[in-house]
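Notes for the one structure printed next.
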Amino acid sequence: MSSGSAAAKGALPVLGARNMPRLLRALLPALSLALVLAGIAWLNPRAISYFGFTLMLNLAVPIALATIAQMFVIAGNDLDLSIGAFVGFVGCVTATWLREAPLLGAITLLGCIAVYAALGALIHLRHLPSIVVTLGMSFVWQGLAILMLPKPGGKAPDWLLAVMKLKPPLVPFPIVAAALIAALAYVGLMRTSYGAVLRGSGGNAVAIGRAGWSLLKAKMTLFACAGLFGVLSGLALIGTTTSADANIGNGYTLLSIAGVILGGGEFVGGRVSPVGAVIGALTLALAASPLLTFMRIPPDWQVAANGIILITVLAARVLISRRDAEG
Amino acid sequence: MTVTSPELVRLNGIEKHFGAVRALGGVDLTLGRGECLGLVGHNGAGKSTLMHILAGTAVADRGDLALGGEVPSSYSPGVAKKLGVRCVFQELSLCPNLTVAENARIFHPSLTGFNWRRKAGRLILDKLDAIFPGHGIGASDLVQDLPIGRRQMVEVARAFTVTDEPVRLVILDEPTSSLDAHTAGQLLGFMRRVAAEGTSFIFISHLLGEVLANCDRIVVMRDGRTVADASATAFDRDRLVAAMGDVEVHAREAHRGEGRARGKSPLRVRARPKRHSGVGELVAHEGEIIGLAGLAGHGQTELLLAIFSAAARAVTGVKVTASVALVAGDRQADGVFPLWSIAENIGVCSLASLREGLLISRRREDALAALWRDKIRIRTPDVHHNILSLSGGNQQKALFARALGSDARIVLMDDPMRGVDVGTKREVYDLIREEADSGRTFLWYTTETDELKQCDHVYVFRNGAIVADLTRDELTEEKVIQSSFAEAS
């Protein structure tokens, strides 16, 4: 007993030194969000209000959901290049079948999740690079979306519109939704006992296999989760925009990857953070249009400016994490 | 003695081939309950392969296996685990991105439910406390943030944790190579205690003293066969080495007794650790072999890395006057390029001299690789094979070849001999001495006293500072241990 407490005392400074960088790493995404918010507040103080946030973040919910979808794939050391096209396809199904024939629509969306799980199985069993498989799938989803909705149009189901128009007291809906999404993904991946196995499969797949877990099942679960959140993202997107277009989700592939990385995730090693990913998605959503509009940057230059902001924030992240690795 | 104890493991005529290479040629092995079996042999003798078969991670081409009287019809890691076989392998089998508790959970499918995190943490910490009192590891620490020695401690402790499956046999494959003398002693003491309670052990180590002192019986393997099998009392160090097939058992006294007077040759490195409390700085001159001693993880690696980066850009407190090459200690993480061939792995530090025009000359790369393969006897039929086709010790030799084959005048070695067998070590010692005589400088961090005896000068580290500065004549194991543990006054 006494030797144990003495040991604990001796170990304390070491423990503190080790957990410090971890804490900083976890706080970095929040820091970049605060930075972007400060920029907005400085340029236009009135934007920081219930109404302002509802407006600025109206596209943040689908981006956050797509980012979480991407995060599940990245947790298993893969990359999903089809998530944008997939969100677009789900949007087209939502604006047409789900409204006109709810049962058929629902079955189609569930089928989409099953297709994602099957892709995971294919990638695992055939040792295919996920980038190639999902790049191919992105053309499939895009083609199906165009078949469903050759011209922009359709209409979101009324219940979906109602959900996305919710006005909770005090806190704007996008923020409540983002918090819910983050909590759900956090509990699922970081707190459940099977979540540890899923992340472990990205960290050291051989060890997970040796401990007797099925890597096939883990990979399929990760991809099915990605499919599920992709479907939710498509639903939320159409609930916000009210009608669909086959190309509506195209920007989401790279946005979702950037969101995961901005949120403290890494491409390999199963290092992801659900809360960070949602914060990363919010940061991207805010840095994308509102900040730039307030900066009076002409629309022609907005895409480039968006890219520069992204590079700046990511560079700052790398610099800070390198500093605390040295210190 | 436990010779009469009932039998737990019986292996009969186990054969295993990797392509054309015969790894195991008909091995018979038995192990009693509560018995500690020491398994020794050169790198590539087949020890690790045999253990992988016993653990179910590799399948034998021929032969039978019985565990506790049962002959499992199909054998896999899962079946082995159910029958009570646990392994601590050379390659760490922890997930670096998970916490210590989560790594325990992964090992135990039955750890579920609302409170699994606390249960898993309690399980692993209790074992860590039992094996390594004062380990300084927390259940919520991420494995990637732990130094390699502590990671190894977690790995060892996890093998002993019990939930619903029993522990009947623990295979320890080089468990002490990443541990310092103190924690290695704790582990060996624990092994003896648990063996007395009836758990069997197979203990693989290249530190023959450890095997002789802690095992009941010793089996020697050579070229995929067992060549000796007797009670540990029947062996001594020389007989073990002889059985392993190492004929050059020469007692090495301090050669170069006169030595060269320190400071006569040009200065190569002058480095001051970040923490200033100790006796100060490390100095190395041309042609010297400088040892960095002390317990694992007390700032030796950090100083080597500071010296390494000082060769490229200015670092405060470190002065380096020549080119530098580093032999990494964590060879899986920092050493080999796993997708490259042996030749490419050797040549990567010498690309400038391997160039022909703008391209790398295949011919020169091959010549360099062939030269070093013969010089330090990397055991491979073809240097174009993938580096991972080599056994661990031979991979390490390739890393040596990479550093020594480059034009670097200073070679930094970060405990590079982990898990390398005695014969290989001797070869490398001679090589280092030869290279030092021709003017190279070596900075050598090692946790083994035998290796420190190869050095001209030794600095002992504690808590990131240099606390002792010993010449070759002053060096004794007691002095190193004393300085490593002395209380800071």
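See the values below:
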item	result
Cα-based Rg of the stretch A:44-296 normalised by 2.2 N^0.38 Å, two decimals	0.99
Ordering of B:145-156, A:65-76, A:229-240 by packing [mean C-beta count within 10 Å, highest first]	A:65-76, A:229-240, B:145-156
Chain A: most fluctuating residue of A:Leu57, A:Leu31, A:Leu262 per GNM, C-alpha cutoff 10 Å	A:Leu31
For B:135-143, mean number of other protein chain Cβ atoms within 10 Å	4
Net dipole in debye of the stretch A:123-244 [+1 Lys, Arg Cβ; -1 Asp, Glu Cβ; about Cα centre; nearest 20]	160 debye
Residue among A:Arg210, A:Arg99, A:Arg46 with the largest mean-square fluctuation in a Gaussian network model of chain A, springs linking Cα atoms under 10 Å	A:Arg210
Residue of A:Leu314, A:Leu24, A:Leu216 that the Gaussian network model of chain A assigns the largest fluctuation, springs spanning Cα pairs under 10 Å	A:Leu24
Chain A: calculated mean residue ellipticity at 222 nm from DSSP helix runs of at least 4, using -39500 (n - 2.57)	-25000 deg cm²/dmol
Whole-angstrom gap from the stretch B:400-435 to the stretch B:327-341, using each part's C-alpha centre	15 Å
Base-10 log of normalised Debye intensity for the protein assembly as shown (one unit scatterer per alpha-carbon) at q = 0.06 Å⁻¹	-0.47
For B:Arg462, residues with placed amide H under 5 Å, excluding near neighbours	B:Val467
Peptide A:212-218, shielding by other chains (average Cβ, 10 Å cutoff)	2
Across A:Lys217/B:Lys81; B:Lys81/B:Lys119; B:Lys47/B:Lys127; B:Lys81/B:Lys127; B:Lys82/B:Lys119, pairs whose alpha-carbon gap is larger than 25 Å	B:Lys47/B:Lys127
Only Lys, Arg (+1) and Asp, Glu (-1) charged, at Cβ; chain B dipole about Cα centre in debye	900 debye
Estimated 222 nm signal from helices in chain B, with DSSP H stretches of n ≥ 4 weighted -39500 (n - 2.57), rounded to 500	-9500 deg cm²/dmol
Proximal lysines relative to B:Lys375, as straight alpha-carbon distance under 24 Å, when same-chain residues fewer than 8 apart are discounted	B:Lys397, B:Lys425, B:Lys453
Positive-end residue, the stretch A:179-323 charge dipole about Cα centroid, Cβ charges, pick of A:Leu198, A:Leu286, A:Gly234	A:Leu198
Note, ³J(HN,Hα) from phi for the stretch B:154-167, Karplus 6.51, -1.76, 1.60, rounded to Hz, x at Gly and Pro	4, 4, 5, 4, 4, 5, 9, 6, 10, 10, 9, 10, x, 10
Spatial separation of Cα centroids for the stretch B:106-184 and the stretch B:373-394, in angstrom	33 Å
Nonlocal amide H pairs with B:Val227, under 5 Å, H built at 1.01 Å	B:Val220, B:Met221, B:Arg222
Per-residue HN-Hα couplings for the stretch B:344-356 [Karplus 6.51, -1.76, 1.60; θ = phi - 60°; Hz; x = Gly/Pro]	5, 5, 6, x, 5, 8, 10, 4, 4, 7, 8, 7, 9
Straight-distance crosslink candidates among aspartates and glutamates, where the alpha carbon sits under 16 Å from A:Lys219 and sequence neighbours closer than 8 are dropped	A:Asp78, A:Asp80
Those lysines that a straight Cα-Cα span of less than 24 Å connects to A:Lys165, excepting residues fewer than 8 apart in one chain	A:Lys155
Loop-located GluC sites (Glu not before Pro) in the stretch B:436-479 whose Cβ has at most 16 other Cβ within 10 Å (DSSP)	B:Glu474
Per-q log10 I(q)/I(0), chain B, q = 0.07 Å⁻¹ (Debye; single scatterer per alpha-carbon; no solvent)	-0.39
Relative contact order of chain B, pairs being alpha-carbon contacts under 8 Å that are 6 or more residues apart, as %	16 percent
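Read-outs throughout are calculated quantities, based only on the coordinates presented, and are distinct from any laboratory measurement. Note that the coordinates shown come from a computational prediction; the quantities given were computed from them, not determined experimentally. A quick note on method: Cβ atoms are made from the backbone with ideal geometry, for glycine too, and the neighbour counts reach across all protein chains shown.
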